[in-house]
Structures are given as structure tokens and as C-alpha cells.
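Beneath this line is the structure, given in C-alpha cells, with notes to follow.
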Amino acid sequence: MKSVITIDGPSGAGKGTIARLLAKKLGYRYLDTGALYRAVAWKVMKAKIKLDDEETLKKLLDKTDIAFNGDMITVDGIDITSEIRTAEIGELSSQVSAIPVVRQGLFSIQRNICLQGKVVIEGRDTGTTIFPESGNKFYLDAGVEERARRRYEEMKLKDPSITRETTIEDIRRRDLRDSSRKTSPLKRTDDMIYIDSTNLSIDEVVEKIIESLKK
Ligand code: DC
């Protein structure tokens with residue numbers, strides 16, 4: 001089995017930072033699955049499609065080309081890497097990700113990258129649905145206030161309209177939606193190694209993961 005490391009967990013737990021660093025250390029590819037949902041949200045926003053119109057959504061997805069190029073993500077050849085990092089796209093991507101046709105549409109992109117091996121993949125369902133046969137599954141968590149603090153620090157320069165209060169509300173709402181949806185909800189399973197990063201530095205989390213990969 002080629003090596004696929006999955007990291008699941010809620011919004012703001014630090015999955016992206018940790019997965020990117022871990023991939024760099026191991027010489028693996030890094031796959032940010034949340035960016036795919038954000039890309040769909042971006043396209044939905046541009047095309048002004050209603051989320052309850054599944055048929056139009058499916059047609060839109062079928063003709064949309066989402067691709068990764070290193071750290072860059074493109075939609076139909078347009079670089080949207082920084083445009084998708086707003087609170088508005090974050091919220092819309094959480095809504096979009098609860099729609100089954102969207103999850104089905106993005107499944108094979110993620111699965112095919114995993115099948116090439118040597119990848120660190122992070123998101124909400126990477127160990128449960130995308131690559132459940134992985135022998136290296138992690139669940140990265142942190143307290144809701146700490147996750148909101150991190151998200152606020154990351155977003156405040158890009159999006160001056162956000163406040164600490166709105167960030168914590170956003171995180172709570174997304175936690176609830178991401179873990180209660182019917183299709184592939186965020187879920188911690190027994191075969192995942194649980195890491196609470198509330199009081200850990202980035203390097204400490206990466207070290208913990210590397211230590212358990214050696215075992
Ligand atoms: O990790 P993120 O904030 O970039 O993810 C954006 C949204 O995408 C998140 O609210 C839920 C959804 N998502 C998902 O449903 N499944 C994944 N594997 C990754 C993200």
C-alpha cells in the first residue's frame with residue numbers, strides 16, 4: 001500500500017498548517033480538500049446558482065475544471081488561491097459541502113490523488129470516506145475558543161469586517177453543520193489517532209505525528 005496520511009478535524013484545528021509542514025518534512029504531496037469545496041463555493045457564487053437547485057449544480061460541476069498546481073488552486077484556469085480565503089466563502093463552502101452531488105463530484109479528484117501515494121490529505125472525511133484503508137489516520141482537534149482565536153488572527157487582515165464574536169459564531173455554526181450533515185459528516189473513528197492541539201505548538205503537533213508514524 002502506498003502511503004496516504006489522513007488528517008481530519010474541525011475548522012481552525014490547524015490541519016492545513018500541520019499537513020503542509022508534515023508533507024514538506026516527509027517529501028509528500030499535500031492535499032487541502034477544503035480548498036476544493038471552497039473552489040465549488042466560489043464558482044457557485046460567480047454563477048449565482050441556488051443551492052437547492054441540484055440539477056443545475058451538477059451540470060455546473062460537470063463542466064468545471066478544478067485543478068491543483070503546487071500550492072495554487074485554479075477553477076477553469078483562473079487562479080483563485082487567495083480569493084477563496086474569505087469568511088464568506090468559508091461559510092458558503094460549508095453549505096455547499098453538505099450537498100451530495102458536490103461530494104460525489106469531488107470524490108474522484110481526491111481519491112485519484114491518494115491512489116498515487118505519498119500524500120498528506122486533510123479535511124473532514126479523508127479517513128472515513130476518501131481513503132478509509134489508510135493505516136495512518138489522525139484526528140486533529142482544539143477547543144472552540146482557541147480555534148476561533150486562530151481563525152480570527154488569520155483572517156483579520158484579509159477581512160476587516162470580522163470580529164472575535166462573529167468568528168466564534170461562524171466556527172460553532174460550521175462545526176454543527178459539518179458534523180451533522182447526512183453525507184460524510186465530520187467524524188472521529190476509533191482507528192484515528194486523536195491529537196488535541198489547544199496547548200501545543202505547530203512543531204509539537206508535527207513531532208507527535210512523526211513519532212506515531214515511526215511506531
Ligand atoms: O477546511 P476548510 O475551512 O477550508 O473547509 C471549508 C468547508 O469545506 C468546511 O466547512 C467543510 C467542507 N469540507 C468538507 O465537507 N469535507 C472536507 N474533506 C473538507 C472540507
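The values are calculated or read from the model by the stated rules, or taken from the named source; none is laboratory data. The shown structure was predicted, so the numbers you read here are calculated from the model rather than taken from an experiment. We place every Cβ from the backbone using ideal geometry, glycine too, and count neighbours over all the protein chains shown.
Descriptive notes on the structure:
- Of all residues assigned to segment 131-148, none qualifies as being within 14 Å of the ligand (Cβ to nearest atom), surrounded by fewer than 17 Cβ atoms within 10 Å (Cβ to Cβ), under 30 Å from Gly105 (Cβ atoms) and at pLDDT below 95.
- Filtered by the rule that a residue be hydrophobic (A, V, I, L, M, F, W, C) and either near the ligand (Cβ under 9 Å from one of its atoms) or over 18 Å from Leu213 (Cβ atoms) (or both), segment 1-27 gives a lone residue, Ala13.
- Among (1) surrounded by 18 or more Cβ atoms within 10 Å (Cβ to Cβ); (2) more than 9 Å from the ligand (Cβ to nearest atom); (3) of a type in the set (A, V, I, L, M), the one test that Val96 misses: (2)
- Within segment 28-54, being more than 11 Å from the ligand (Cβ to nearest atom) and closer than 14 Å to Ile78 by Cβ holds for Trp42, Lys43, Met45, Lys46, Ala47.
- The set of residues in segment 31-45 that are closer than 26 Å to Ile5 by Cβ and not aliphatic (A, V, I, L, M) comprises Asp32, Thr33, Gly34, Tyr37, Arg38.
- Total residues in segment 116-140 satisfying the condition of being in a strand (DSSP E or B) and within 16 Å of Gly34 (Cβ to Cβ): the figure is 8.
- Taken together, Glu91, Glu83, Glu169, Glu153 contain a single residue that is surrounded by fewer than 21 Cβ atoms within 10 Å (Cβ to Cβ), more than 11 Å from the ligand (Cβ to nearest atom) and either closer than 30 Å to Glu207 by Cα or within 15 Å of the chain's Cα centre (by Cα) (or both), which is Glu153.
- The single condition among (1) part of a loop (DSSP other than H, G, I, E, B); (2) under 20 Å from Ser134 (Cβ atoms); (3) of a type outside the set (A, V, I, L, M) that Lys158 does not meet is (2).
- The lone exception for Leu57 - which of (1) crowded, with 21+ Cβ neighbours inside 10 Å; (2) under 13 Å from the mean Cα position of the chain (by Cα); (3) farther than 15 Å from Ile109 by Cβ it fails: (2)
- Just one of the numbered conditions (1) modelled with pLDDT under 95; (2) basic (Lys, Arg); (3) buried (at least 16 other Cβ atoms within 10 Å of the Cβ) is not true of Lys2: (3).
- Those strands (runs of 3 or more DSSP E) of segment 1-75 in which 1 or more residues are farther than 26 Å from Asp141 by Cβ occupy 66-69, 72-75.
- Filter result (within 15 Å of Asp8 (Cβ to Cβ) and in a loop (DSSP other than H, G, I, E, B)) within segment 161-182: Arg181
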